[in-house]
Amino acid sequence: MMGRALRQFAKPRPGVAVALPFFPEATRGALFKSFDGAAAHADHYPRFGHAFGSDPWLSLLAEIEAGADYAGGRCVLASLALNGYFAIADLALAPDLRHSLEAA
């Protein structure tokens with residue numbers, strides 16, 4: 001269901017990057033069968049594991065850390081809960097975006 005909802009949500013937002021939950025490769029592949037993953041961030045599962053609702057936020061920060069410039073831009077964030085409900089949001093980021101991704 002989340003894949004179909006992402007397809008519908010992303011359709012009027014061409015070119016806007018999508019931050020997804022982190023999943024093992026097989027699960028991510030299943031998601032992309034119902035959603036075009038072309039705009040999806042890289043999967044950061046190997047680095048972070050699955051961190052539940054934090055996944056899309058960590059994904060956004062990891063992409064910025066890797067050099068992506070989101071200041072003044074947009075990103076679709078998608079989160080999935082263990083019991084199956086999900087949330088999708090179109091996030092507008094401030095032009096003077098400040099961020100930090102620090103190891104614990």
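Order Leu91, Leu20 by their accessible area, 1.4 angstrom probe, all chains in place, largest first.
Leu91, Leu20
Given the Cα-Cα distance of Ala30 and Leu82 and 0.36 nm per residue of separation, how much length would full extension add, in nm?
17.1 nm
Could you give the size of the charge dipole of region 36-89 about its Cα centre, using +1 on the Cβ of each K and R and -1 on the Cβ of each D and E, expressed in debye and rounded to the nearest 20?
Approximately 120 debye in magnitude.
Quick check on region 54-97: take the gyration tensor over C-alpha atoms, sort the square-rooted eigenvalues as a ≥ b ≥ c, and tell me if it's rounded (a/c under 1.5), prolate or oblate.
It comes out oblate by the Cα gyration axes.
Along each principal axis of its Cα atoms, how long is region 2-93 end to end? Whole angstroms, biggest number first, please.
33, 30, 20
For the chain, what % of the accessible area comes from carbon and sulfur atoms, probe 1.4 Å?
On the way: 3510 of 6240 Å².
Carbon-and-sulfur percentage of accessible area, whole number: 56.
Lys/Arg Cβ at +1, Asp/Glu Cβ at -1, dipole of region 2-93 taken about the Cα centre: which of Gln8, Ala19, Tyr70 is farthest positive-ward?
Gln8
Just how large is the dipole of the chain about the Cα centre, in debye to the nearest 20, putting +1 at every Lys and Arg Cβ and -1 at every Asp and Glu Cβ?
460 debye
Would you mind computing, in nm to one decimal, how far apart the modelled labels at Arg4 and Asp96 are, each placed 7 Å from Cα along Cα→Cβ?
4.5 nm
The values are calculated or read from the model by the stated rules, or taken from the named source; none is laboratory data. Keep in mind that this is a model prediction, so the values were computed, not measured. Please note: Cβ atoms are built from the backbone with ideal geometry, for glycine as well, and neighbour counts cover all protein chains shown. Heads up: the accessible areas ignore ligands, DNA and RNA and are worked out on the full protein's heavy atoms, side chains in. Shrake-Rupley method; radii C 1.70, N 1.55, O 1.52, S 1.80 Å.
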